[in-house]
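One structure is given here, and the rest of the page talks about it.
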Amino acid sequence: LLLRWRRRRALWRKVAKAQERQERSLVRMEAAVQRFREQHPSVNVASILSLPLPELSKKLRDGSLPPDHVFYAYVGKALQMATETNCITEFLQESETQARKAKQMEKQGLLYGVPVSIKDSIDCQGHDSTLGFIKNLNKPAAEDSVVVQVLKRQGAIPFVKTNVPQSLLSYDCKNLIFGQTRNPLMYTRTPGGSSGGEGALVGGGGSILGIGTDVGGSLRFPAAFCGICAIKPTGNRLSKRGVMSGVVGQKAVAAAVGPLAKDVESLALCLRALLSEDMFSLDSTVPPLPFNEEVYSSTKPLRIGYYETDFFTMPSPAMRRAVRETKQLLEEAGHTLVPFELTNVDYVMFNYCVRGMFADGGSSFVKKFKGEMEKGGTRLFVWLSKAPHWLKTLLSWISKPFVRSISSYTVDEVWSLHHELEDFCHQFIAQWKKLNLDVMLCPMLGPALGIGYPAKLSVAVSYTMLYNALDFPAGVVPVTLVTDEDEEQLKGYKGYYQDWWDRTLAKAFRGGVGMPVAVQCVALPWQEELCLRFMKEVETL
């Protein structure tokens, strides 16, 4: 007991020091902004913050806006959002030097002078990538991740790192080190996760462009919950070198790196910049596919598949309405909408996604929690992973197959699972091609759930995780706000299973009037440009 007490005290000391560092970061930001405002009192910060990214980057490149003016405008706004939502874990102090030097540099690179926020799990040289784990504190990255290196070569200025949930396997945003991040639109709601700090910062206007990751919706949840746009590319379209993962080694559910921004054109500009020779030479495992302008700027009418539900997680009234209204607008604009029927999503979720990610019985996942004090939103996963096989079998009789999925499998069974997943993917594509589709319109979970609910509702990731299992590019675009009528209809929400999970989800949706609701836009693998083109169409309409 004494040893345990001493160990916990040592951990708490580490946490206290990290929190002091975070506080010092915010104080430095405040001092830097104050200094700049005293030296440049006439700078119109509001007009800089109101510029969309394409316009801002054009002004930076043609010299009509100095990079330090833009930099300090965003540092000031980011500081405000950090105070309101607790989204920033660290200010990258070297970004100040980079902003000063940018004035003397040649105005090259598509993102010249653009301040960019970076998710905690993406390596920035000299800074921790904690994943919300105490054991990862004071272990600064030896070098920048490839994506950060490319951003810098394109002239961007990474300036802050943002908060994540412990282990990344949650769509809330809380850990023992930095605490809970709040939704900038309603503080009692989660900003989503695991790129929750990014969602809150970009959604609140404190960053014009953020970089996050997605293994089950971790870009799409924060974007949808905070009323912004994001795209999860095909898993290997952008480099993942130097990007820390929640579950290392699993191949069943594809992770991806991607951008978050206020509008689709900003996402397109970011991908244009990243899909450059720099990325392909720094990471030769990334296919050398530059951004396809022709596909993105095409205006030919699209043939669009759509569905309102996956018959596993019942959509909220606002989710269903978002798809219906978007479908109608697309039809009125001359596109063809074709119903697409999803089947066996429950099987996909439990047998491919959960089972694929925890095929070792969750042992590698549990190892990450060794010596940690908080299990956070993943407490259920950790407990189940440690549970003996007989208990898992017993529990699987009284719950969804969720429990049975977290068991150890033989190598033969894992290979069989991967083969089955490949077959499923080919069948899905065959159904897509039989209908001659270009893209797909799908629901996106929303509105933002109350803080703490995602930990109880891991199963509600079905709308997003499907496209990690298939490894299709998928983006989200906000299309509507929750109305009083949606809230009234929610009173009749029962769910498809009418179990504890469904009843909890009904409670989690409540009280969201005025909150944004998004739709998902999906394309076939490697067709990010077509996905963005479709997202742009939805956004415009």
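Of note:
- Of all residues making up the range 203-221, the number that are in contact (Cβ under 8 Å) with a residue 40 or more places away in the chain, part of a helix (DSSP H, G or I) and of a type outside the set (Lys, Arg): 1
- Looking only at the range 253-285, residues that are free of Cβ contacts under 8 Å to residues at least 60 places away in the same chain and of a type in the set (A, V, I, L, M) come to 1 in all.
- Checking every residue in the range 5-26 against the condition of being at pLDDT 95 or above and over 30 Å from residue 133 (Cα atoms) gives zero matches.
- For the criterion of being in a helix (DSSP H, G or I), open to solvent by 10 Å² or more (accessible area, probe 1.4 Å) and out of contact with any Cys (no Cβ under 7 Å at 6 or more places or on another chain), residue 106 fails.
- Flag: residue 178 matches the condition of being within 30 Å of residue 481 (Cβ to Cβ), in contact (Cβ under 8 Å) with a residue 24 or more places away in the chain and either open to solvent by less than 10 Å² (accessible area, probe 1.4 Å) or in the same structural domain as residue 233 (by the TED database) (or both).
- Qualifying residue in the range 190-200 (condition: in a loop (DSSP other than H, G, I, E, B) and open to solvent by 20 Å² or more (accessible area, probe 1.4 Å)): no
- So residue 417, is it hydrophobic (A, V, I, L, M, F, W, C) and either in a strand (DSSP E or B) or at pLDDT below 65 (or both): no
- Top-ranked residue of the range 113-129 - restricted to ones that are closer than 15 Å to residue 196 by Cα and aliphatic (A, V, I, L, M), ranked as surrounded by the most Cβ atoms within 10 Å (Cβ to Cβ): 118
- Within the range 213-254, considering residues that are over 14 Å from the mean Cα position of the chain (by Cα) and among the small types (Gly, Ala, Ser), the one surrounded by the most Cβ atoms within 10 Å (Cβ to Cβ): 242
- Scope the range 69-103; condition part of a helix (DSSP H, G or I), free of Cβ contacts under 8 Å to residues at least 40 places away in the same chain and open to solvent by 60 Å² or more (accessible area, probe 1.4 Å); matching residues: 94, 100, 101
- Check on residue 513, assigned to a loop (DSSP other than H, G, I, E, B) and of a type in the set (Val, Ile, Thr): yes
- Any chance residue 172 is in the same structural domain as residue 269 (by the TED database), closer than 19 Å to residue 112 by Cα and part of a loop (DSSP other than H, G, I, E, B): no
The values are calculated or read from the model by the stated rules, or taken from the named source; none is laboratory data. No experiment lies behind these values; they were computed from the predicted model shown. Note that we place each Cβ from the backbone using ideal geometry, even for glycine, and neighbour counts take in every protein chain shown. Please note that ligands, DNA and RNA were not included when accessible areas were found on the heavy atoms of the full protein model with its side chains. Shrake-Rupley method; radii C 1.70, N 1.55, O 1.52, S 1.80 Å.
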